[in-house]
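Here is the structure we will look at, set down as structure tokens.
Just so you know, all these numbers are worked out from the coordinates, no wet-lab data involved. Values in this document were obtained by computation on a predicted structure and should not be read as measured data. So basically every Cβ, Gly included, is an ideal-geometry build from the backbone, and we count neighbours across all protein chains shown.
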Amino acid sequence: MGDTSWIVKTPEQIEERERKQKAHDKLVESCVFCNIAFRNDLRADILYKDSKYVVFRDIRPSAKEHYLVVTKKHIKNLKQLSYDDIPMIENMIDVAKATLVKNEADPDNARIGFHLPPLVSVDHLHMHVIAPADKIGFFGRLMFRPDSYWFLTVETFLEQLRAKESEFWGSEKMMSNWYVEPYMR
């Protein structure tokens, strides 16, 4: 017999499920990236979509190919991630590279990473994929400067996730050690 955990059995479970659905619907309405992921916003140029991720072109591209890989699950930002989320980030990287190849861009000449809070324009986890990296314009080179105070490459972010324990995220210790110390040397 298959998994039956999805079957609602009690009035309390029905009420809880409806409450969660209403909260999800409200979030989708208020979050521009949730709206794109779940409602197929016609203004978004969607390049890829599956049950977990959606990829679309950035509305302010910094190079010929500039995409955002967005989780369908609403995750506010990097500070909500832990060691357990490494497979999700690795999947996002795979989706990003496959989208680059599909659009005839070189994954080896791409800048892939995340903006750091509070310098995030939309409070929904999104990975920037920019190619060719050697053709990023002046402003883009500032905005997407690798491993700066405001932008981390996926490699650096994964390294930090692997090195730190989940309790470390969001703490004052993280703010002083992780953001500042590596760049003050």
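Worth a mention:
- For Leu125, the amide hydrogen comes within under 5 Å of the amide hydrogens of Ile75, Lys76, Asn77, counting only partners 5 or more places away or on other chains and with H modelled in the peptide plane.
- Computed from backbone phi with θ = phi - 60° and the Karplus coefficients 6.51, -1.76 and 1.60, the 3J(HN,Hα) list for the range 125-140 is 3, 8, 9, 7, 10, 10, 8, x, 4, 6, 10, 5, x, 4, 4, x Hz; x is used for glycine and proline.
- When the Cα atoms of the range 9-58 are aligned to their principal axes, the ranges along those axes come out at 43, 21, 13 Å in descending order.
- Remark: C-alpha extents of the range 28-157 on the principal axes read 36, 30, 25 Å, sorted largest to smallest.
- Modelled label positions at Ser121 and Ile14, each set 7 Å beyond Cα in the direction of Cβ, lie 4.5 nm from each other.
- Each other residue within a Cβ distance under 12 Å of Asp108 adds +1 if Lys or Arg and -1 if Asp or Glu, for a net charge of 0.
- Distance-filtered residues of the range 123-139 - backbone nitrogen under 14 Å, label point 7 angstrom along Tyr48 Cα→Cβ: 127-131
- Anchor Lys97: lysines whose Cα lies under 20 Å away (excluding residues fewer than 8 positions away in-chain): Lys49, Lys52, Lys64, Lys72, Lys135
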